[in-house]
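The values are calculated or read from the model by the stated rules, or taken from the named source; none is laboratory data. Just so it is clear, the structure is predicted and the values come from calculations on it, not from any experiment. All Cβ positions, even for glycine, are placed from backbone atoms using ideal geometry, and neighbour counts span all protein chains on display. We work out accessible area using only protein heavy atoms, side chains counted, and drop any ligands, DNA or RNA first. Shrake-Rupley method; radii C 1.70, N 1.55, O 1.52, S 1.80 Å.
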Amino acid sequence: MEKRIAVVSGGIGGLGSEICLALARAGRRVIALDLGAREQRIAEFAQLTQGHDIRFEAADVGDFDDCGAAVERIAGRDGGIDILVNAAGITRDGSLRKMDKRAWDEVLNVNLDGVFNLCRHTVDAMAGRGFGRIVNISSVNGQTGQFGQTNYCAAKAGMHGFTMALAREVARKGVTVNSVSPGYCETAMVAAVPEEIRSKIVESVPVGRLGKPSEIARTVEFLTADDAGFITGANIPVNGGLFMSF
Ligand code: CAA
């Protein structure tokens, strides 16, 4: 059987690059989609992923037409997309009373519009071929709320509604749609949280440490497996016990 084609948005980021590696190790051909302007990071990513079936493709997930063009290029070069992982995400933290419209728009554009843009351009072809796996990387903060993150929490909670609605639309077509909600992990995004706030958060995690990006990637690999077809519309928390629910 031909290799399944996996696209990971935010593919050169902290979680994204580990997800790319995990999917490649699981036998997928992986395309890391990310902003083309991040030259230094793209070079580091190329080194990190050397020897794996992973390549880079430039696109701005917040731009609908740019996403469409990238999906077409991938279809021409690699084949139809079987697996889509929406891992592109940014923060613009600040309490609401200080948040300007730009910080709101940028986070909603990348974190939520980005999911629509890529899903809209890929899901019909998945349904047509009778197989697809979509995983949206949300956040524990989309479940609990977080001081200083009205924009981010709105986008991340919104992803769950999107996930469940789309899961219903394509359930009969062999396409599953799920979300994963990471807790605080060892990424640059979390490292940017002021030290005294971050250490308090880590203290409150039952497991007592930050998560490893590979622990998120492991969950994505599981959800995108060929034999994971009965899991859809679900949210899998991977947060060290920071938020427990049933
Ligand atoms: N809970 C309650 N009160 C808080 C608070 C909190 N968590 N944090 C700050 N405050 C209080 C302060 O004590 C201060 O009180 P006073 O006015 O009485 O002195 C007041 O709120 C400060 O409010 P400001 O509007 O001035 O906020 P700020 O500019 O000082 O700081 C912030 C706001 C930059 C958002 C800062 O709180 C912060 O960085 N918080 C961490 C946010 C965070 O966890 N982000 C996660 C990023 S990683 C990620 O998102 C990945 C993932 O998915 C998990």
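Remarks
- Residue pairs whose Cβ atoms lie under 6 Å apart, sitting 6 or more positions apart in sequence or on different chains, and linking a residue in segment 147-161 that is farther than 11 Å from Ile90 by Cα and within 10 Å of the ligand (Cβ to nearest atom) to a partner that is open to solvent by 20 Å² or more (accessible area, probe 1.4 Å) and of a type in the set (Ser, Thr, Tyr), are Gly148/Ser95.
- Within segment 114-136, considering residues that are open to solvent by 10 Å² or more (accessible area, probe 1.4 Å) and out of contact with any Asp or Glu (no Cβ under 9 Å at 6 or more places or on another chain), the one farthest from Gly241 (Cα to Cα): Gly128
- The single condition from (1) of a type outside the set (Ser, Thr, Tyr); (2) out of contact with any Gly (no Cβ under 9 Å at 6 or more places or on another chain); (3) more than 25 Å from Arg4 (Cβ to Cβ) that Val207 fails is (2).
- The set of residues in segment 176-186 that are open to solvent by less than 10 Å² (accessible area, probe 1.4 Å) and within 25 Å of Ile197 (Cβ to Cβ) comprises Val180, Ser181, Pro182, Cys185.
- Inspection of segment 156-175 identifies no residue that is buried (at least 21 other Cβ atoms within 10 Å of the Cβ) and either at positive phi or small (Gly, Ala, Ser) (or both).
- Within segment 222-246, the set of residues being within 13 Å of Val205 (Cα to Cα), hydrophobic (A, V, I, L, M, F, W, C) and crowded, with 17+ Cβ neighbours inside 10 Å comprises Val238, Leu242.
- Looking across segment 187-221 at every residue that is near the ligand (Cβ under 8 Å from one of its atoms) and part of a loop (DSSP other than H, G, I, E, B), the one that is surrounded by the fewest Cβ atoms within 10 Å (Cβ to Cβ) is identified as Pro194.
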